[in-house]
Amino acid sequence: MNLTPFDQLSLLPEIRRALDDLGFENATEIQARSIPLIQSGQDIIGRSQTGTGKTLAFGIPAVERINSDGHERGRAQVLILCPTRELAVQACDELRKLSRHLPYVRPADVYGGAPMDRQIARLKTANLVVGTPGRVMDHLRRRTLRLDRLRMIVLDEADEMLSMGFREDIETILTETPEERQTVLFSATMPPDILTLTEAYQRQPVMVQVEARQETVENIEQYYYEVPMGRKLDALELVLKANGDRMTLIFSNTKRMVDDITERLNHVGIRAEGLHGDMKQSQRTRVMDSFKQGRLSVLVATDVAARGIDVNDIETVINYDVPQSAEYYVHRIGRTGRAGKSGRAFTLCSGRRQAGELMNIARITRSRVTRAELPTAEDVREQKKRRITGELISLMDREEGASAGMTVYAAWARELAEAGYPPERIAAAVLLLHLGEPADDTEDIRPARRERLPGGSYRKIAIDIGRNQRVAPNHIVSALAGRTGISGREIGKIEIYDDRTVVGIPEGRVDEVVEAMRGCKIVGRPTVTSHCHEDGPARVSAPGRGRNSRRLDSRGDTRRRH
């Protein structure tokens, strides 16, 4: 990444002093190229990836555009639109730091999910407003925000705002601003909708484009796991347990799956929190603070919600779902390996299609993604053993007398030794008392093979829940395994229709499974399971090959089988 000293840019002394306070000496390429153009009043289109310093690129000239005239108190002179609450809060925080030596600059952030009365109070004195399009529209309707004195408007992450359905709000806001305003737009990608927007609302904009560079991911080790259909949650559990206590960020493509993953992890003893747009702002703030401060080591998030995460200590990123684009992939894995540290990124792939999508992303981003073997139950046990051994050694290596407890327990151990018990038996008994039996219910997971039950005779059962209730194969497998003890390897073909799901079960266990599934809830809904009499015994086959069935992939899409 090209760097230019801030001293070489023409900045207000107060802003230069604030940058010194923050420890910033050099401008990134997008900053060095954008700041002079924005200072000159030019409309620009800035295109660069996340993590290249776009906030300062528009933030410095935005602060400089504020007039110190007290007569404009409470009138927005600069408006910055962001796609998410987290980004709005983060950008406003950066602007406060930049303007700390300019008392007449009064930033305020406005976003949904927060008390309206507090925002109205702040807007009465604010002249620099950062907000999400929906909440800005709310304030415009209430006339608690006026844009008649606006000098500059910034559209940050414009592609995200359009993909989230904010186009109409953005256009309405733009029509409320003076024609002579300056319009600055930043976006990671340039879809047709962006170009249409720039043609309609910008005046001879200059394109500032910073190409994505391989260095952004060169210090990140990238792997993928092949996971059997319907076993991703099991695989994720194994990976996390083998990963230890490392700071981990898990990405999923849907809010629903974020909730499912979080619930499953907490159920198996892995403390995790979710983050997505349907949560209340107070919840989101609490989760973000816990993760940033290290009190929470596993966070599950959607791409949009994660845009506000700025944590340098994330050691591992896990793509539960294959990202929807190369840009998303770079954005996700770029959350690790920051500040000169190394990082690791893992992607869970079920089936050839998902593996092919990931390889295509790897080609586009010029990344080296290596296939890895899923951790085994033995790997998990060894990791746990290493962790506990390390803690014990650290405790024993403390200077003598550092702990009164060690002195008391050492005397106790000597008494047992004098009674004739060998030291290793004493230690083993203490560990057993403290940790319990070493038996682990963690199950090995191997990629499914068609020959896993050659010639096995299966019968079908029907469960009255399907695509309309947003059920996925992993929900069915989890319910069956939890209620009946049947393993994922024994479950045959899963066919998901609109309002029912048909599952192949070993012929000798059908009656047992139907009885055990009585009253079982799947995705929170009570279900009825019955024998399926439409066929005779079904030979085992690969999942998802049912005629005229609809197969649900990991992103919730349905594909008609022909």
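The values are calculated or read from the model by the stated rules, or taken from the named source; none is laboratory data. Just so we're clear, the structure is a prediction, and the values are computed from it rather than from any experiment. In this analysis, Cβ positions are derived from the backbone assuming ideal geometry, glycine residues included, and neighbour counts consider all displayed protein chains. Each accessible area value is taken on the protein alone, full model and side chains, heavy atoms only, with ligands, DNA and RNA left out. Shrake-Rupley method; radii C 1.70, N 1.55, O 1.52, S 1.80 Å.
General remarks:
- Residue count for region 13-56, restricted to those that are acidic (Asp, Glu), open to solvent by 20 Å² or more (accessible area, probe 1.4 Å) and within 23 Å of Leu79 (Cβ to Cβ): 1
One line per residue, one yes/no per condition, for (1) touching a strand residue (DSSP E or B) at 6+ places or on another chain (Cβ under 6 Å); (2) acidic (Asp, Glu):
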site	(1), (2)
Met207	yes, no
Tyr223	yes, no
Asp234	no, yes
Ser252	no, no
Ala272	yes, no
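- Given (1) within 27 Å of the chain's Cα centre (by Cα); (2) modelled with pLDDT of 95 or more, number of the condition Ala62 does not satisfy: (1)
- Top-ranked residue in region 121-135 [being of a type outside the set (Gly, Ala, Ser), open to solvent by less than 40 Å² (accessible area, probe 1.4 Å) and assigned to a helix (DSSP H, G or I); ranked as farthest from Ala306 (Cα to Cα)]: Leu123
- Some residue of region 209-223 being at pLDDT below 90, out of contact with any Gly (no Cβ under 8 Å at 6 or more places or on another chain), more than 24 Å from Ile35 (Cα to Cα) and acidic (Asp, Glu): yes
- Sole residue being open to solvent by 40 Å² or more (accessible area, probe 1.4 Å), assigned to a loop (DSSP other than H, G, I, E, B) and at pLDDT 80 or above, chosen from Arg344, Arg398, Arg366: Arg366
- Qualifying residue in region 193-200 (condition: farther than 17 Å from Ser350 by Cβ, open to solvent by 30 Å² or more (accessible area, probe 1.4 Å) and of a type in the set (A, V, I, L, M, F, W, C)): yes
- Only residues that are aliphatic (A, V, I, L, M) and closer than 19 Å to Arg467 by Cβ were counted in region 492-516, giving 4.
A quick yes/no check of all residues on (1) open to solvent by less than 10 Å² (accessible area, probe 1.4 Å); (2) under 16 Å from the mean Cα position of the chain (by Cα):
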| site | (1), (2) |
| --- | --- |
| Ala242 | no, no |
| Thr248 | yes, yes |
| Leu265 | yes, yes |
| Ala301 | yes, yes |
| Ile314 | yes, yes |
| Ile318 | yes, yes |
| Gly334 | no, yes |
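- Residue that is most open to solvent (accessible area, probe 1.4 Å) [pool: residues in region 169-190 that are farther than 18 Å from Gly53 by Cα and in a loop (DSSP other than H, G, I, E, B)]: Glu179
Residues checked against (1) open to solvent by 50 Å² or more (accessible area, probe 1.4 Å); (2) assigned to a loop (DSSP other than H, G, I, E, B); (3) at pLDDT 95 or above; (4) closer than 23 Å to Ala158 by Cα:
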{"residue": "Gly74", "(1), (2), (3), (4)": "no, yes, no, no"}
{"residue": "Leu79", "(1), (2), (3), (4)": "no, no, yes, yes"}
{"residue": "Pro83", "(1), (2), (3), (4)": "no, yes, no, yes"}
{"residue": "Glu86", "(1), (2), (3), (4)": "no, no, no, yes"}
{"residue": "Val89", "(1), (2), (3), (4)": "yes, no, no, yes"}
{"residue": "Asp93", "(1), (2), (3), (4)": "yes, no, no, yes"}
{"residue": "Arg100", "(1), (2), (3), (4)": "yes, yes, no, no"}
{"residue": "Tyr104", "(1), (2), (3), (4)": "yes, yes, no, no"}
{"residue": "Gly113", "(1), (2), (3), (4)": "yes, yes, no, yes"}
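- Of the residues making up region 243-281, those that are part of a helix (DSSP H, G or I) and touching a residue at least 60 places away in the same chain (Cβ under 8 Å) are Asn243, Arg256, Met257, Asp260, Arg264, Gln281.
- Only one of the numbered conditions (1) open to solvent by 10 Å² or more (accessible area, probe 1.4 Å); (2) without any contact (Cβ under 8 Å) to a residue 40 or more places away in the chain; (3) of a type outside the set (Val, Ile, Thr); (4) not in a loop (DSSP other than H, G, I, E, B) is violated by Arg295, and that is (4).
- Against the list (1) open to solvent by 20 Å² or more (accessible area, probe 1.4 Å); (2) basic (Lys, Arg); (3) under 22 Å from the mean Cα position of the chain (by Cα), the condition Arg146 fails is (3).
- Restricted to strands (runs of 3 or more DSSP E) entirely inside region 455-562, those with at least 2 residues that are within 30 Å of the chain's Cα centre (by Cα) and at pLDDT below 75 are 550-552, 558-560.
- Looking only at region 62-71, residues that are open to solvent by less than 30 Å² (accessible area, probe 1.4 Å) and among the acidic types (Asp, Glu) come to 0 in all.
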